[in-house]
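The next block holds one structure in the form of structure tokens; read it before the comments.
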Amino acid sequence: MPVLSDATRASIREAAGQYPPGRQKSAVMPALYLAQDDAGHLNPEVLREVAELLRLAPVHVAAVATFYTMFEKAPHGKHIIDVCTCVSCQLLGGYDILAHLERRLGIKPGETTPDGRFTLREQECLGSCASAPVLQVGYRFHEELTTVKVDALIDELLQEGADG
Amino acid sequence: MAELITLTIDGQECRGTKGMTILQVAKENGLDIPTLCNHPWLTTHGGCRMCVVEVEGQRRLVTACAAPAEDGQIVVAHNDRLETLRQMTLELLFAERNHICPFCAMTGVCELQDRAYEHHITHTRYDYIFPVLTPDTTNPYFVQDHNRCILCGRCVRSCYEIAGVGTLGFGHRGSQEVVIADLGVPLGESSCIKCGTCVDVCPTGALFDKRAPYFSRARGLERKPSICPDDDLGCAMNVVLKSGLVARIEGWTEAPVNGPLLSYRSRYEILNEPHPRVLKPRVRKDGELVEVDWAEALDATAELLAKTQSGADGHVVGLCSTRLPYETLASYHRLLAEQCGCVDVDTFRGAQRATRRQADDLYGTHKECDFEAIQQADMVLLVGFDPCTTHPVLGAWLAKKVHHDGVPIVSISPRTTKTAELSILSLKPRRGSELAVLYGLLGQLIEQRNLGHLVDRLTAEKWRSHPPGRVSYEAGVEEQAVVRAAALYAAAKNPVILYGPDLTETGNPTLIGRLWEMAQLLGHVGASKEVMVRGFTTGANSAAAEQIGFRGADMEGAAVVYLLSGDDPVDLTPQLRQDLRDAGAVILQSAHDGPLVQYADVVLPSLKWSERGGTWINVMGVGQTFEACTKAPAGIKPDEWVLTEIGERLSAVKEAAHE
Amino acid sequence: MAERKVLLERYDVPNIWELDVYRRHGGYATLDGLFAKSPTDWVEEVKASGLCGRGGAGFPTGVKWSFLAKGTGKPTYLVVNADESEPGTCHDRRLLERLPHQLIEGIINTCYAIDAHEAYVYIRGEYLEPYQRLVQAIREAEAAGLLGKTVAGQDFPLRIVVHRGAGAYICGEETALLSSQEGDKGQPRQKPPFPAVAGLYAAPTIVNNVQTISTIPHIVRHGAAWFAGINLAPESKSPGPRILSVSGHVQRPGIYEVETGTPFEELLYGLCGGIRGGHDLKSVIPGGSSMPMLPKDVILQTDTSFESIRKAGSQPGSGAVIVMDETTDIPTVVWRISRFYAHESCGKCTPCREGNPWSVKLLRRFVDGTARAEDLRILVEVAEAMEKNSFCPLGIAAAWATQGALKHFRHEFEARISHASAIAAGD
């Protein structure tokens, strides 16, 4: 039984068509993104289905999925907050931002709040060094942070949840 | 002609040819450059960094395993600076995971250990990391212990490059990297074909044979090549002996057919003996098998065979194993055919050959494809053939074709086959309805490619009378599958059709005829070469049996049945059971005290695979000769000695009768 | 001294990422003259301009193009490296976000010059918004007939495919990028063969960085001589305007496009407004975290030309200038940089895979003040092993960070050796 939707399966096939004939392996990363968007995270059933769709050895898909940090192998919160603490952010208080979020959310990096709203992660350089310190929520940037700005952001995200 | 080059390595002039790496040239000239991730069977990895050397004119160090050797190059492979770097690399490796040698199953035959001794590693200056990693013991034949792994990737490469399956890979990255199977499942639950090539290439104790831990110390090991008696590919292997006993089996680089690749059967199962050996001859007396000496048993055998020669007491039937060497098969055949005047001499599984022969008689002999053609095929049609089960090495080659080149395989078999997992499409007709499927395919071929004019009207009509709907009804396969199978076949430029025991054992030569028709049809319409067909049988020496003249046996009314089974695990079918019960007397020459023994009146000990030498001829006609690897237990005589003795006694009886 | 805005000239134009806005501001004007000259002429033109790759290695772009294998029977590919991940670097992201059409124009120019009909942009996974902008821009260009079966009405088909990375710094290394794009783990490959001979799908391939390709239209438009003249350092062979990402302890961090040879003093104290909070400058990493850091007195004698930075004992790298003031604890910074490399090591080779975690643990002891006397020696040896013996530049870069810091700030490390352990070690 497929675990991915027909639309996702079709998109994966379409992604494979972007690459030269016989190079469908190139579509493994786009396919994993599509599968992840559909299934939330890449559990073994999802990986198996991606392997079948692209006619790849399952281990190949597993190897790729575990190599790259943006492929989620386990369930996570509704909002993933990635805080950069790498050198440029470190110099301008990245760790203070992270510590503030740990206190505010009551979780450590790598953990998810019990209500499933937030997953907090410490990240390597996110490429916003001249606007440090930064974080991303769902890969959208929030820059030149202060603890006040971070609190406002969390309030906004909580509000969004309450509305929805 | 390869271009000759000369380079200097550590001051020594070394010769090689263009295209070789610095490491290869060094080795060929007897110089040692230490390596860990490099292996002659595998592609270059360049990851361990042990083989770094200095090349004059190059700013950075290069890895000898990857760097092309150039004419005039000046290479330094050993100096203090390189030694320090190698020591550091080893120190890093030793701190990484648990490499406490005394507790490792492979201590003594470990390349990491060897390198450490060579480079005087006495301790590591850093805290051991030793992550907690659980050994995986779920594979029946070998253990994977991640604690001993140095992430050299040899197993991963061998799994993909040699075994073709790609079960193993690297999960995660950096220092978190770990070798995984499939989606991270235990090996025993994975797609692993248990060929054991990864165990052969592993430089440490991260992969080791369950049978031989702490046993295979390098000292006192001996290696002798031998052949796997199982299928007709002619797979040769290296038997590793310790004190004259088989310690384990390894891939043999020089094996002409299979290279280092072996199947789980030739590497592991062959070492399992399900029944005790027959150590002494036995003769049935008052309904009981009683141990006797050789003379008595041989006399009894000759007597039984002699009685039937007059024809008064019916005929002798001989059935023999196709695993035996050519010489033994020939002696056996000579004894029965020439000395006993017996016409019913065959092998177990003789039906496989008989069907093919009948097809030859009916439809003429056709060119069969060789391994080369299979390697180059762009489409493979398997009919009644499950190579992944019966011919695992061929199965691995096909897996490679599928995984590396995307070659489509279509499988038609009434059984649930392992090869179906590799197939892009598999059709499972009801047993006995295979012919309908083949007609359906032929019909589709002339339909899809407009080939009606190539065959006569009647034939064309016959084929057209099997439209997919009818095939579906008769054979229980999906209509669309028939259409697609024909389309895949018709689209290929170099397709091959391979059939196997499941087809030949039906005893229906018409099926083979249809395959040849399919081949000819496509040959007419632009397939670049002659489309080729090839049948496979079980038993390593089936081709030799055919050459010698084993031609089929009628068991009906047999007075004496002489079975030479050796160590063949003969499939005791209900029919064979009945035939043996009905026979006047049964002579059994067998290595094992198996289920056949109960039917025997005389039991003669026989050799097992490692004890016999001789010549084997594979399915493509390639002959290979091997010597025995081990000695038979005391008291067991070689099969040929036994056959000669029987022959001599028989002549004596004959002469006595004449006088 | 002001900026020399060439690539960033139109940066602040509202909605410049839209095709018609970009066109109104001179965008795609190069297509008028491009096809009038032969591809070889353009390769020569770029060679003559002296443009050096902006990604990190600084190899002359035109020379790289001329290495392309000919007559292989395989297509030639252009792969644009948009996997900007070098800590401290954030200007390619801005070029992608705001000036995607400048990049597309550069791709068209380049593909014509190297006779490629398929171009791939490998964009860093975390750059979701830039990715969306770029894809949108490609759609617009296709609809406008600038890409597709013909380019601007010329018999020159060109297709651009954007391939998203997924979080792996190593993919910025060109061969790892190609592995990743081919659907493998992003692990570097053995060179030779170089990508220009056997790159993407084993076909001749040019891999250039976003900024490099975005520079091409300006060379096509204004000529090699003009470009070569943008150079304040007469001895420099790496002319042109170059975008630098300045981060850390300056008053005005940001991305700045400056003329080659601009003194760092002017960059830091002029354009960036000096060190924050009235502090004194301590150290600068001039080319991203992979490059050795330089102390104040050295950096202030240095300019932004490749030659000057190299002479000072560092590398121009990705053009990320990370500024540290006197309050900065060097061991802590190096520990954090080292952690980055340990996290990003791909695992292929021993020195990088194992050496980085060693370094992190050792450096942590210096941060915590619990280091043993011998730890400094081991740290130096591990760095040496990584620098000399790593498979690819990642391990080398990781070593440089440590080595640079130890060269100029060794005393800060020595000060962290715990007295107790020093006695125990007999020092």
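Antiparallel as a % of all DSSP beta bridges within chain A, to the nearest 5?
55
Just to confirm my numbers, what's the Cα centroid distance between the stretch B:45-88 and the stretch B:439-512 in Å?
Each part's Cα centre sits 59 Å from the other's.
Aspartates and glutamates near B:Lys401 by alpha-carbon distance under 12 Å, same-chain residues fewer than 8 away left out - which ones?
B:Glu161, B:Asp378
Just reorder B:Arg357, C:Arg353, C:Arg139, A:Arg23 by solvent-accessible area, largest first, 1.4 Å probe, all chains present.
C:Arg139, A:Arg23, B:Arg357, C:Arg353
Do you know the Lys pair count in chain A for C-alpha distances under 23 Å, with sequence separation 8 or more or different chains?
Final tally of qualifying lysine pairs is 5.
Taking the full set of protein chains and a 1.4 angstrom probe, give the accessible area of C:Glu9 in square angstrom, rounded to the nearest 10.
130
With a ≥ b ≥ c the root eigenvalues of the C-alpha gyration tensor of chain B, is it rounded (a/c under 1.5), prolate (a/b larger than b/c) or oblate?
Judged from the Cα gyration tensor, chain B comes out oblate (a/c at least 1.5, b/c at or above a/b).
What is the calculated FRET efficiency for B:Leu572 to B:Glu627, with r their C-beta to C-beta distance and R₀ = 35 Å, to the nearest 0.05? Mind dumping the intermediate values first?
Numbers: r = 32 Å, r/R0 = 0.90.
The pair B:Leu572/B:Glu627 has a calculated efficiency of 0.65.
For the interface of C with B, what's the total buried accessible surface in square angstrom, probe 1.4 angstrom, rounded to the nearest hundred?
For C against B, buried area totals roughly 2900 Å².
Can you list the lysines whose alpha carbon sits under 16 Å from that of B:Lys27, skipping same-chain ones fewer than 8 residues off?
B:Lys18
Post the alpha-carbon centroid distance, the stretch C:1-49 to the stretch C:173-218, in whole angstrom.
23
Considering only C-alpha atoms, what is the centroid distance from the stretch A:44-95 to the stretch C:239-267, in Å?
One Cα centre to the other: 34 Å.
Measure off, as a whole percent, the carbon and sulfur share of the 1.4 Å-probe accessible area of chain C, all protein chains present.
Answer for chain C: carbon and sulfur cover 52 percent of the accessible area.
Using a 1.4 Å probe on the protein chains only, how many percent of the accessible area of the stretch B:402-487 belongs to carbon and sulfur?
47
Please state, as a whole number in µm²/s, the translational diffusion coefficient that the Stokes-Einstein equation yields for the protein assembly as shown at 37 °C and 0.692 mPa s, with Rh defined as the Kirkwood radius across alpha carbon pairs.
94
Can you return the aspartates and glutamates within cross-link range of C:Lys70? Criterion is Cα-Cα under 20 Å, with same-chain partners fewer than 8 residues away left out.
Within the straight-line cut-off, C:Lys70 pairs with C:Asp41, C:Glu44, C:Glu45, C:Asp115, C:Glu118.
Run the quick spin-label model on C:Ala225 and C:Gln154: label points 7 Å from Cα toward the beta carbon, then report their separation in nm to one decimal.
2.3
Counting DSSP beta bridges with both partners in the protein assembly as shown, what percentage is antiparallel, nearest 5?
DSSP beta bridges in the protein assembly as shown are roughly 50 percent antiparallel.
Where does helix C:350-368 land angle-wise versus the long Cα axis of chain C, in degrees 0 to 90, nearest 10?
Taking Cα atoms only, the helix is inclined about 50 degrees.
Run the 1.4 Å probe and let me know the accessible area of B:Met620, rounded to the nearest 10 Å².
Counting only protein heavy atoms, B:Met620 exposes about 40 Å² to solvent.
For chain B, what does -39500 (n - 2.57) per DSSP helix run (n ≥ 4), summed and divided by total residues, give at 222 nm, in deg cm²/dmol to the nearest 500?
-9500 deg cm²/dmol
What net charge do the residues around C:Pro357 carry, taking every other residue with its C-beta under 11 Å from that of C:Pro357, with Lys and Arg at +1 and Asp and Glu at -1?
Once positives and negatives cancel, what remains is +1.
Starting from the Cα of C:Val63, move 7 Å in the Cα-to-Cβ direction to define the label point; list residues of the stretch C:14-50 whose amide nitrogen is under 11 Å from there.
C:50
Per DSSP H run of n ≥ 4, the term is -39500 (n - 2.57); total these for chain C, divide by its residue number, and report the mean residue ellipticity at 222 nm rounded to 500 deg cm²/dmol.
Counting only the DSSP helices, I get -13000 deg cm²/dmol.
Is the C-alpha gyration tensor of the stretch C:1-150 telling us rounded, prolate or oblate? Criteria: a/c under 1.5 is rounded; beyond that, a/b larger than b/c is prolate, otherwise oblate. Could the numbers behind the result be given before it?
Working: a/c = 1.39, a/b = 1.23, b/c = 1.13.
Here the stretch C:1-150 falls in the rounded category.
Would you mind checking C:Lys5/C:Lys37; C:Lys74/C:Lys237; C:Lys185/C:Lys407 for any pair whose Cα atoms are more than 30 angstrom apart?
C:Lys74/C:Lys237; C:Lys185/C:Lys407
At 0.36 nm per residue, minus the direct Cα-Cα distance, what do B:Arg581 and B:Gln480 gain on full extension? Give it in nm, one decimal, please. The partial results should precede the final answer.
Values: separation 101, 0.36 × 101 = 36.36 nm, distance 4.81 nm.
Taking 0.36 nm per residue and subtracting the Cα distance, the gain is 31.6 nm.
Starting from the residue with the highest accessible area, list A:Tyr33, C:Tyr269, A:Tyr95, B:Tyr499 in decreasing order, probe 1.4 Å.
Details: A:Tyr33 25, C:Tyr269 90, A:Tyr95 65, B:Tyr499 5 Å².
Ranked from most to least accessible, the order is C:Tyr269, A:Tyr95, A:Tyr33, B:Tyr499.
Given springs between every Cα pair under 10 Å in a Gaussian network model of chain C, which of C:Gly172, C:Gly50, C:Gly347 has the largest fluctuation?
C:Gly347
Quick one: if the Förster radius is 56 Å, what FRET efficiency do C:Gln136 and C:Glu266 give, using the C-beta to C-beta distance and rounding to 0.05? Mind showing how you got there, number by number?
Details: r = 37 Å, r/R0 = 0.67.
Working from the Cβ atoms, E equals 0.90.
Using a 1.4 angstrom probe and counting only protein chains, how large is the accessible area of B:Arg211 in Å², to 10?
120
By the gyration tensor of its Cα atoms, with a ≥ b ≥ c the square roots of the eigenvalues, what is the shape of the stretch A:6-67: rounded for a/c under 1.5, prolate for a/b over b/c, or oblate?
Verdict is oblate for the stretch A:6-67.
Can you put B:Ile270, B:Ile497 in order of accessible area, largest first, using a 1.4 Å probe?
Order by accessible area, largest first: B:Ile270, B:Ile497.
If I model a spin label at B:Ile74 and A:Lys108 as a point 7 Å from the Cα along the Cα→Cβ vector, what separation in nanometres do I get?
5.7
Can you compute the FRET efficiency between A:Ser5 and B:Thr134 using 1/(1 + (r/R0)^6), with r the Cβ-Cβ distance and R0 = 35 Å? Round to the nearest 0.05. Kindly include the intermediate steps, with their values, before the conclusion.
Details: r = 36 Å, r/R0 = 1.04.
It comes out at approximately 0.45.
Quick test of the membrane-span-like rule: which DSSP H helices of chain B reach at least 27 Å along their long axis (C-alpha atoms) with mean Kyte hydropathy at least -0.5? Intermediate values should be presented prior to the final figure.
Details: long enough: B:639-658 (29 Å, -0.30).
Helices meeting the criterion: B:639-658.
The values are calculated or read from the model by the stated rules, or taken from the named source; none is laboratory data. Computed from a prediction, not measured in an experiment: that's the story for all the values here. So basically every Cβ, Gly included, is an ideal-geometry build from the backbone, and we count neighbours across all protein chains shown. We work out accessible area using only protein heavy atoms, side chains counted, and drop any ligands, DNA or RNA first. Shrake-Rupley method; radii C 1.70, N 1.55, O 1.52, S 1.80 Å.
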